[in-house]
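A.B. asks: Submitted below is the structure of interest, expressed as structure tokens.
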Amino acid sequence: MAEKVDVLVVGAGPAGSMTARFAAEKGVSVKIIERRGEVGVPVRCGELVPSLEETRGTFPNAPDLENTLDIPSYLIARQIEGMRFISPKGRVTEFPFTGVTVDRDRFDQHLASEAVRAGAELVRGCSFLRIEDGIAVTEGGEIEYKVIVGADGPTSRVSRELGLPRNRNPYPAVSSIAKGDFEPVIQMYFGGIAPGAYSWIIPKSGCANVGVGFAPKFSDGKPTEYFRQFAEKQGLDIIQEVHGKYVPSEGPIKRTVSGNGLVVGDAAGQVASVNGGGIPQAMISGRICGNVVADHILKGRPLEDYDSGFRAAIGKPLKTAAFNKKLADTLAFGSDRRTDLCMRILGQRRMANLVRCMRIFP
Ligand SMILES: Cc1cc2nc3c(=O)[nH]c(=O)nc-3n(C[C@H](O)[C@H](O)[C@H](O)COP(=O)(O)OP(=O)(O)OC[C@H]3O[C@@H](n4cnc5c(N)ncnc54)[C@H](O)[C@@H]3O)c2cc1C
């Protein structure tokens, strides 16, 4: 006999935990299944969360950000004050940028515990496998649901089972930790060191998150090899294993709802194509998703309201970011000389706009 639940959420990342929390708060029964034995472990992230002010500037239409992106102070590793771009020739462009770094494993665990506190059940070490006759088949048995939410990241199985569009051209990216004291500025290195994307150093407390992402269309190399070269060049003292996954690169997928299923977060491509950041969007969309799903079960609200809701909140800046990324792929990436020239032409103000998902021209 299949177990019965109102909402089955697959994946306990920020998108899944926020969905589960807000659905459970409205009184429907929610179960989250997470394939990892421990939520958030291992960390595969730069661990940067932009400040409320930055997020509000990037996503001015996102509702009630104060309560959506509320990060308890004990989770904050470091305050960030600026961002520095380093061109292939070593030219430096710097501008103010505020945010915090977190320990991403503890951050995800906090969000999952908030969902559990709201009444959701969390099952770890349980993978979603497929949908058969409207029932989810998981490693822990069969689950009958009224709504299934795929919050299972960039290579979402739920999305595939629902027949929704998949993320095209995701970028491999890896991260680790370097020991040492670093100034409170994010450093982003461009050029052959990370073809079509960038390498980063993001300061934490007594250490920094270090990573590399690249575009497969500009290189068929290995992310770990790019990481090794970057760490060596910067003389970094790497103290943890390198872990990685994919980052969606082309903005939100065209459709996110199919029948009684939907996808959210990286599964829906809700990442800023220009910088690979997706934590705030996963949280904003997860909250919208949880509310719509619960209203659907309790009052018959159409699930499509989730699709239109997240696009109204964050869709336009993500579209602009995807457009700018395509432009950069065509004009700037592919040769260090071109990348350097384009960065010089853009200058400080336009590069700051770029990172904030804003138009760079006129
Ligand atoms: C190297 C790297 C650095 C990054 N740095 C930043 C950054 O600094 N700031 C930022 O904002 N964003 C960053 N991002 C992007 C950010 O991590 C994602 O946008 C964010 O995690 C999206 O949240 P999510 O909940 O949609 O997906 P995820 O966080 O990927 O969560 C998906 C969850 O689903 C689980 N899962 C997957 N398949 C199944 C299955 N079949 N059954 C059960 N569970 C399953 C996974 O184990 C995982 O826990 C980075 C990404 C990478 C790869």
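A.B. asks: Rank 80, 109, 297 by how far each Cα sits towards the positive end of the charge dipole of the chain (+1 on Lys, Arg Cβ; -1 on Asp, Glu Cβ) and give me just the farthest.
C.D. replies: Going by the charge dipole, the pick is 80.
A.B. asks: On to the next question. Where the only charges are on Cβ atoms (+1 Lys, Arg; -1 Asp, Glu), what is the dipole of segment 38-87 about its Cα centre, to the nearest 20 debye?
C.D. replies: Dipole about the Cα centre, nearest 20: 260 debye.
A.B. asks: Of all DSSP beta bridges located in the chain, what percent are antiparallel, nearest 5?
C.D. replies: 65 percent
A.B. asks: With n ≥ 4 as the cut-off for DSSP H runs, can you work out [θ] at 222 nm for the chain, using -39500 (n - 2.57) per run divided by the number of residues, rounded to the nearest 500?
C.D. replies: -10000 deg cm²/dmol
A.B. asks: If you plug each phi of segment 86-94 into the Karplus form 6.51 cos²θ - 1.76 cosθ + 1.60 with θ = phi - 60°, what whole-Hz ³J(HN,Hα) values come out, in order, with x for Gly and Pro?
C.D. replies: Each residue's phi maps through the Karplus curve to give 10, 6, x, 8, x, 6, 10, 10, 10 Hz.
A.B. asks: Next up: Multiply the residue separation of residue 344 and residue 316 by 0.36 nm, subtract the distance between their alpha-carbon atoms, and state the gained length in nm to one decimal.
C.D. replies: Answer, rounded to one decimal: 7.4 nm.
A.B. asks: Please list the non-local residues whose amide H lies under 5 Å from the amide H of residue 142, H modeled 1.01 Å from N, same-chain partners needing a gap of 5 or more.
C.D. replies: The answer is 3.
A.B. asks: Also, I was wondering about something else. Classify segment 234-297 from the C-alpha gyration tensor, please: rounded if a/c falls under 1.5, else prolate or oblate depending on whether a/b exceeds b/c.
C.D. replies: Here segment 234-297 falls in the prolate category.
A.B. asks: Another question, then. Ranked highest first by the average count of other Cβ atoms within 10 Å around their residues, in what order do 165-172, 69-76, 98-105, 31-38 fall?
C.D. replies: Values: 165-172: 18.0, 69-76: 12.9, 98-105: 21.2, 31-38: 19.6.
Going from most to least packed, we get 98-105, 31-38, 165-172, 69-76.
A.B. asks: Please report, in whole Å, how far the alpha carbons of the chain spread along each principal axis, starting with the longest.
C.D. replies: 63, 43, 38
A.B. asks: With +1 on each Lys and Arg Cβ and -1 on each Asp and Glu Cβ, and nothing else charged, work out how big the dipole of the chain is about its Cα centre, in Debye to the nearest 20. Don't jump to the answer; show the numbers that get you there.
C.D. replies: Working: 46 positive and 41 negative charges, 273 e Å.
I would put it at about 1320 debye.
A.B. asks: Where in the chain are the DSSP H helices whose alpha-carbon span along the long axis reaches 30 Å or more and whose Kyte-Doolittle mean is at least 0.5?
C.D. replies: Helices meeting the span and hydropathy rule in the chain: none at all.
All of the numbers you see were taken from the coordinates with simple rules; none came from a lab. Bear in mind that the values here come from a model prediction, so they are computed numbers and not experimental data. Methodologically, a virtual Cβ is constructed for each residue, glycine included, from the backbone with ideal geometry; neighbour enumeration extends over all protein chains shown.
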